[in-house]
There are 2 protein chains.
Amino acid sequence: MPDNHRTPIQTIQKRSLHDQAVEQIRDLIIEGHLEPGHRIDEAALTTELGISRTPFREALRTLAAEGLIEIRPSRGSRVRKLSTEEVHGLLELQAHLESLAGRLACERATDAEIAGLLDLHDRMIVLYEARDRLPYYKLNQEFHTRLAEAAGNSVLAETQRSLQARLKRIRFIGNRRPDFWSAAVHEHAEMAEALRARDGSRLAETMERHLKNTWDRVRNVISSEDR
Amino acid sequence: MPDNHRTPIQTIQKRSLHDQAVEQIRDLIIEGHLEPGHRIDEAALTTELGISRTPFREALRTLAAEGLIEIRPSRGSRVRKLSTEEVHGLLELQAHLESLAGRLACERATDAEIAGLLDLHDRMIVLYEARDRLPYYKLNQEFHTRLAEAAGNSVLAETQRSLQARLKRIRFIGNRRPDFWSAAVHEHAEMAEALRARDGSRLAETMERHLKNTWDRVRNVISSEDR
DNA sequence: TTTATGTATTTTGTATACAAACGGAGCGAC
DNA sequence: GTCGCTCCGTTTGTATACAAAATACATAAA
């Protein structure tokens, strides 16, 4: 009997210490274990990760290019602290970018991709109804990422991913207030509908509005904890 | 007698070997001294630059994050070769981005910034009439960059710069045909006019069209030298 | 008490040394 | 001839050593 259901082939890939370090440090930042503005202690982190400074410092260069940390010559690296203006700038750009992504996805996505997105959306609704915040948040991120991927423009997808990473911590805060969360869910429902109908203009418009509103939701929260 | 006319104080800034290496290698790539798809010979380049491999390899990580080179684990780095699809993707994204930049610049730019851009445009016209292609090209790049900066969104400006760097070599090709160049100049004149009137919608529309047309101009050229 | 100056300690930047992985050349089996 | 193997030179990845710079600290002068 042939194995029709064998697991899909996974290309085996070499992972250098650099790559692993990038991921680990990125996660530490995104998940808030390394606080914004806080200095990055090379000695401590290298021993913690069990690697030497060479791949570690290369990882810092990568993360600096991604905008997650900043390196000041001879005075160390620190987790980048986003000013209110930068958060606004990031969301403004993301709104515009995902609006494009939405339009293109309606034109170019395969039916399977759209079905996948709609399924994702359904699962988000279930989680919302259970008020299961963290898993909802994760699916939400995935939804936006996969929508960008469905637009058939790899540079766009890559840029979206980068912006999203930089905003990740901040956006998590945005859904804390129940009414904010509910509004976001409504917008997502609208997005799903437009996607189902492959209505590019409407999806584009909704995406843009959704992210503009996200800024309003987020701004409320960060204004209190601002420097 | 007090020195009222002493030269203004210039903050002394430290430039690590890393930073210098990034710039140098980036220029080598952009100016075509390192060919796309070609392997990067660490030994040769480090001796050429007179530095050791450590800062050099950090520079490679930075450039990889910028999308100019690609690093394949254990098999070296090479100058990234753009496929036709990627060029299209880059220009599609840039079109959308600069459209936003145009709209925002009309809202937020200072009068001085606008005057500066218009002056730039005038100088471009002079160069066009002299058919002085390289200087024209450089001012053109500067125009797009400074327009993005005038939008008052640092992330947008940064992203624009990154996309532009990746496309730099390719776009230089685009203006080779006289009729193409002439069309581009016409579009620029329209942009200048919209800018002068601070007509955001019109500038946005023109920017987008300009870059869409750029794709058409470029596509003609790269299709012949494609892999 | 404050400010300045010199010294010790830590941290960062760069070079180098070594280990591991890759990529061919040559050789033999089929 | 093609495939597979082994060996060897080369390139890449990582650790470490050393140099340079910045920071912290202590002491002395105002």
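The values are calculated or read from the model by the stated rules, or taken from the named source; none is laboratory data. This is a predicted model, so every value here is computed, not measured. With ideal geometry, Cβ positions are generated from the backbone for all residues, glycine too; neighbour counts draw on all protein chains shown.
So the values come out like this:
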read-out	value
Search result, residues across the stretch B:52-67 that are away from DNA strand D (no atom under 13 Å from the Cβ) and of a type in the set (Ser, Thr, Tyr)	B:THR62
Residue list for the stretch B:76-104, filter: basic (Lys, Arg) and facing chain A (nearest Cβ under 9 Å)	none
Options A:LEU118, A:LEU127, A:LEU134; residue that is within 26 Å of A:HIS88 (Cβ to Cβ) and either in a helix (DSSP H, G or I) or among the hydroxyl-bearing types (Ser, Thr, Tyr) (or both)	A:LEU134
Residue pairs meeting the criteria (Cβ under 6 Å; at least 6 apart or on separate chains; first in the same structural domain as A:ALA21 (by TED's automatic domain parsing), in the stretch A:39-57; second among the hydrophobic types (A, V, I, L, M, F, W, C) and surrounded by 15 or more Cβ atoms within 10 Å (Cβ to Cβ))	A:THR46/A:PHE56; A:ILE51/A:LEU17; A:PRO55/A:LEU17; A:PRO55/A:ALA21; A:PHE56/A:ALA21
Answer residue from the stretch A:26-43, given it is of a type outside the set (D, E, K, R) and within 15 Å of DNA strand D (Cβ to nearest atom) and is farthest from B:ARG161 (Cα to Cα) among those	A:ALA43
Members of the stretch A:137-156 found to be more than 9 Å from chain B (Cβ to nearest Cβ), in a helix (DSSP H, G or I) and among the small types (Gly, Ala, Ser), listed by number	A:ALA148
Any hit, the stretch B:212-226, residues being among the aliphatic types (A, V, I, L, M), assigned by TED's automatic domain parsing to the domain that holds B:ARG103 and at pLDDT 95 or above	no
Condition broken by B:GLU92, with the remaining ones in (1) among the acidic types (Asp, Glu); (2) free of Cβ contacts under 8 Å to residues at least 12 places away in the same chain; (3) more than 16 Å from DNA strand C (Cβ to nearest atom) satisfied	(2)
Candidates A:ARG133, A:ARG78, A:ARG103 - the one that is at pLDDT 95 or above, of a type outside the set (A, V, I, L, M, F, W, C) and away from DNA strand D (no atom under 16 Å from the Cβ)	A:ARG103
